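Here is the structure we will look at, set down as structure tokens.
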Amino acid sequence: MVHLPTQSDPPFSPRQTLPTMYDLPSDNLEEPGLPDEFHFFQPLLLFLTFQPANWNRELVFSACDLNLYYSVTHPQWYKRPDWFGVVGVPRLYEGRDLRLSYVVWQEEVNPFVVVELLSPGTQEEDLGNTVQIPGNPPTKWQVYEQILRIPYSIVFSRYTNEVQGFHLVGGHYEPMNLIDNRLLMPELELSLGLWQGSFRGINRLWLRWMTIEGELILTPEEDAVEAREQAVEAQEQAAAEQERAERLAARLRELGVDPDELE
């Protein structure tokens, strides 16, 4: 006799029985962990605050989740950093068009800094703990360190809120020391640090660009809010000064002095 599985009475809801978002993190087998909300918001914050003080903004480019083609001999090979920044290239491709990808043999300038967001499916490769399989493309670490020789490679885990930086020294990545909870990049007059705050209405610990001294580089929205607050403060200060002047004038009149004659 075959025993058929029985359902509870009443039946369990799909919420209790079907896979959750933790079981189904991605529909892309080649990019485990993508897409997800954090992989959109965190690179966006990096994009909005990447403003090297010693470079013309028209010669600064950064991108989120854009194909980075790196091999002349294998032109179809690419990596897709969560975020990367380049200095010394036009913001627009050839000064006229948005990029479909970043092709190093055409741009002739390699990225200066790359950021990878750790997830369980990519952690080993992002930290350089995987080896190239014969016949397959090189690993991310090999591309960033040995082929493109990107000066700075950063990894950040939203699960542990840990940021790790690697600086290219003598052809190899060396771990960077955090100074005041920031990674300093003096060549850009910037630092990359952790910030607890609200971005796009989400309050958490974010990775964002700061000045070399540690001051926040504001997003356009933050800049607009600050400008409004300064305008309100200036109006309030002007109103307070006007009120003081009127009180002084009234007091002088009580003493028989015409304040207009004192001007």
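Between T211 and T130, the modelled labels are 4.1 nm apart [label points 7 Å from Cα along Cα→Cβ].
For the pair R204 and A240, what calculated FRET efficiency results from E = 1/(1 + (r/R0)^6), where r is the Cβ-Cβ distance and R0 = 35 Å, to the nearest 0.05?
In this case the efficiency is close to 0.40.
In this calculation the C-beta distance from Q123 to L98 is compared with R0 = 35 Å, giving a FRET efficiency of 0.65. Between the amide H of R158 and those of L118, distances stay under 5 Å, these residues lying 5 or more places away or on another chain, with hydrogens modeled in the peptide plane. Applied to region 173-187, the Karplus parametrisation 6.51 cos²θ - 1.76 cosθ + 1.60 on θ = phi - 60° returns per-residue 3J(HN,Hα) values of 6, 10, x, 9, 8, 7, 10, 6, 6, 9, 9, 8, 10, x, 4 Hz, with x for Gly and Pro.
In sequence order, region 67-73 has phi-based couplings of 4, 10, 8, 10, 10, 5, 7 Hz under the Karplus curve 6.51 cos²θ - 1.76 cosθ + 1.60, θ = phi - 60°, and Gly or Pro positions carry x.
Placing a pseudo-label 7 Å from each Cα along the Cα-to-Cβ vector at T17 and N177 gives an inter-label distance of 5.9 nm. For W206, the residues whose modelled amide H falls within less than 5 Å of its own, excluding neighbours fewer than 5 places apart on the same chain, are W195, Q196, G197. Peptides 182-193, 161-172 ranked from most to least packed give 182-193, 161-172, packing being the mean of other C-beta atoms within 10 angstrom over each peptide's residues.
Each value in this text was obtained by applying a stated rule to the coordinates, not by laboratory testing. All of these numbers come straight from a predicted model, not from anything done at the bench. Using ideal geometry, Cβ is built from the backbone for each residue, glycine included, and neighbour counts are taken over all protein chains shown.
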